Amino acid sequence: MQWNDSVMTVKGVGPKTTSFLKKLNIETIGDLLEHYPVSYDCYEAPVTVHESNILDFAAVQGMIVNVPFVRQMNRRQIVTTQLRDCNGDMLRVVWFHMPFLRATIKPGMQFVLRGRLHGYGTSRMMEHPQIFTLGAYDALIGTRQPIYELTSGITSKTIGKAVSQVWKDGIILEETLSKEQRERWKLMDKQQAIHQIHFPESDCAVQKARERLVFEEFYTFLFGVRQMRRQLETEKNIYAIIEQPDVWELVKKLPYKLTNAQKRTFLDISLDMMGDHRMNRLVQGDVGSGKTIVAFLALYQTVLCHYQGAMMAPTEVLATQHYESLQTMIQTYQLPIRAVLLTGSMTVAQKRLVYQQIEKHEADIIIGTHALFQEKVIYHDLALVVTDEQHRFGVEQRKMLSDKGLAPHILVMSATPIPRTLAIIIYGDLDISVIDELPSNRLPIKNCAVDISYRPKAYEFLKKQIAMGHQAYVICPMIEESEQMDAENVVEYTKKLKKELPSTITISYLHGKMTNQEKDTIMKAFAANQIQILVATTVIEVGIDVPNATVIVIENAQQFGLAQLHQLRGRVGRGAAQSYCILINTSASKESKKRLDILNHSNDGFYIASQDLKLRGPGDFFGVRQSGMLEFKLADIYQDAEILKLASEAVDEAIREGHILQEKQVMIQ
Ligand code: ADP
Ligand code: MG
């Protein structure tokens, strides 16, 4: 059994489970082992009815006192009975759809029932609890069962079983850090760490295991970045890019003045591209700071020097938007640029045509998704690649490019607010430009964090803003109704809004399961103000730019991460008009209110990220992951900043000692 073997080779994992696992991107044993739990279910000693608290999740031990009663209600079969604990206190119990319990649960039998407690005063009841015999529960006390991210058709139990089977088969994981390193940085060995993260013996063990795995994630990532940088230092600039007065002519004609930060950033880029070495620059700027125009200017300069430039976006919606706005600029200012769009959903014939245009250099600027670097695309004179809102700075993109024999200048644009001190650890000192200034025509977004009683007012407000000619977004967490989650969904919400608002207002929805063509049509209609309210999931989270939209209502706001809410909010406040963000909190919890208050009181991405970290606290291992740009399996650059520093030192040391990074390998005993 090897790290790269299919999960099918694990005993007990059949074709059906395999296909469910695939939906979670688990195909190999390695994927399975790296599908870390999101939390743990801790089995604690049973409590008495008297000791139990309403809304707690707890186990109660006792004796069944009456024959379960089965009745039919609204097509549901309901089983009820009562349990008496050692003090003689009663617990009422209800199960759904389990009529067979009548035959198995008999008066006089002892059980441990585990579930959420309801009730008022001293009365207690449990809905649909798990049932254990005393012995079975006893064996579980003190253990932690892993809870995994799931998809329908699979349970945490199935995944846990598969993982423990891998262990039973005696897998031996190759150690990726040397013994000296582990001793020096006080790290668990890998074999133990992966075992403990799935089946921890104690809270302390989870922490140590996590530390080790986070360290490794950072170590591997930083090693890659450092190696890339070292290589870059030896890579000469092979493109003859020279200053182009036409670029500044265009800047003069734009309907707005560039901010100083935008100018400075463009100068940084321009100097890099004219310099001795290949460029690899990160542009960081909060949402709405105007990164796109800076990228366009860099691409324009490239084209004026007779090279091709490409721009890659993470979604088709965003790629299409960039393409449309570039085309508008080309037409408005009569620019000598031939731009094309290349996305995965184009027809074969359309793609073939674009491939030809690229290969013959009949296209100067190519905008698209990952399709830009597919095998069939042959560039003629590619000198600059811009990646917008991409994960993982450069490393993967560079590999993709060098696999194709290309070595263009690289520009990465991101709205992820990384504190400068962390950014320097990650990328080194040199190649970051920060757009730390918003265009001067902007009014700060006005926020309010409210509960559901505010909805009617919110709808009135939407009406008013639309009467003024503006547009709005409404964000819902779900696409369709779901049994598992109590949250608004775009399909039903659109229907509801249509009923609530006058029919003169056009309302449509957008979500990730629609075809690209459908999404495209909707986005274009919204950009043209043919749709006034767009009800959407987080598909519109990054990059979308419709400056006429002035209101964003976010439903079930407490279910999103703060950084994500900040990104979503960035869809408004992109023009001169006053914009508004209405965060609807549907939870009664104090924590939710506290988190949303941070957003309510600040529009500053850096501040929000830092506050979020404080609130979550270092003990919250598996909180909502915030660092959108740097995606690690476990690590979080904010929360794990200390480990990041250590890993960075370890990498520097290893490089000084001449180590090279080993590929992950696993052997079987
Ligand atoms: P982001 O940094 O989030 O990618 P965009 O580049 O999409 O932001 O810019 C947001 C909006 O601001 C766009 O509509 C753009 O035309 C406009 N914009 C960019 N720079 C300026 C500026 N200096 N003054 C006014 N508006 C600007
Ligand atoms: Mg953008």
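For this structure, a couple of remarks:
- Filtered residues of the stretch 274-304 (kept if hydrophobic (A, V, I, L, M, F, W, C), within 16 Å of ligand 1 (Cβ to nearest atom) and open to solvent by less than 20 Å² (accessible area, probe 1.4 Å)): Leu282, Val283, Ile293, Val294, Ala295, Phe296, Leu297, Ala298, Leu299
- If the condition is being among the charged types (D, E, K, R) and in a helix (DSSP H, G or I), then the stretch 446-503 contributes Arg455, Lys457, Glu460, Lys463, Lys464, Glu492, Lys495, Lys496, Lys498, Lys499, Glu500.
- Apart from one condition, Glu201 fits all of (1) open to solvent by less than 10 Å² (accessible area, probe 1.4 Å); (2) without any contact (Cβ under 8 Å) to a residue 24 or more places away in the chain; (3) not in a helix (DSSP H, G or I); the exception is (1).
- Cross-chain or 6+ apart pairs with Cβ under 7 Å, the stretch 311-331 first and within 11 Å of Thr369 (Cα to Cα) and open to solvent by 20 Å² or more (accessible area, probe 1.4 Å), then within 12 Å of ligand 1 (Cβ to nearest atom) and not β-branched (Val, Ile, Thr): Pro314/Glu389
- When the stretch 83-112 is limited to residues that are under 41 Å from the mean Cα position of the chain (by Cα) and at pLDDT 90 or above, the one that is surrounded by the fewest Cβ atoms within 10 Å (Cβ to Cβ) turns out to be Val94.
- Some residue of the stretch 231-251 being more than 30 Å from Leu510 (Cβ to Cβ), within 14 Å of ligand 1 (Cβ to nearest atom) and touching a residue at least 24 places away in the same chain (Cβ under 8 Å): yes
- Positions within the stretch 167-194 being under 29 Å from the mean Cα position of the chain (by Cα) and crowded, with 18+ Cβ neighbours inside 10 Å, in sequence order: Leu173, Leu177, Leu187, Met188, Lys190, Ala193, Ile194
- Only a single criterion out of (1) farther than 24 Å from Gln517 by Cβ; (2) of a type outside the set (S, T, N, Q); (3) within 16 Å of ligand 2 (Cβ to nearest atom); (4) part of a loop (DSSP other than H, G, I, E, B) is not satisfied by Pro314, namely (1).
- Any hit, the stretch 62-82, residues being open to solvent by less than 70 Å² (accessible area, probe 1.4 Å), among the aliphatic types (A, V, I, L, M) and under 21 Å from Leu140 (Cα atoms): yes
- When Leu267, Leu271, Leu232 are checked against the criterion of being open to solvent by less than 40 Å² (accessible area, probe 1.4 Å) and either away from ligand 2 (no atom under 16 Å from the Cβ) or aliphatic (A, V, I, L, M) (or both), Leu232 stands alone in meeting it.
The values are calculated or read from the model by the stated rules, or taken from the named source; none is laboratory data. This is a predicted model, so every value here is computed, not measured. So basically every Cβ, Gly included, is an ideal-geometry build from the backbone, and we count neighbours across all protein chains shown. We work out accessible area using only protein heavy atoms, side chains counted, and drop any ligands, DNA or RNA first. Shrake-Rupley method; radii C 1.70, N 1.55, O 1.52, S 1.80 Å.
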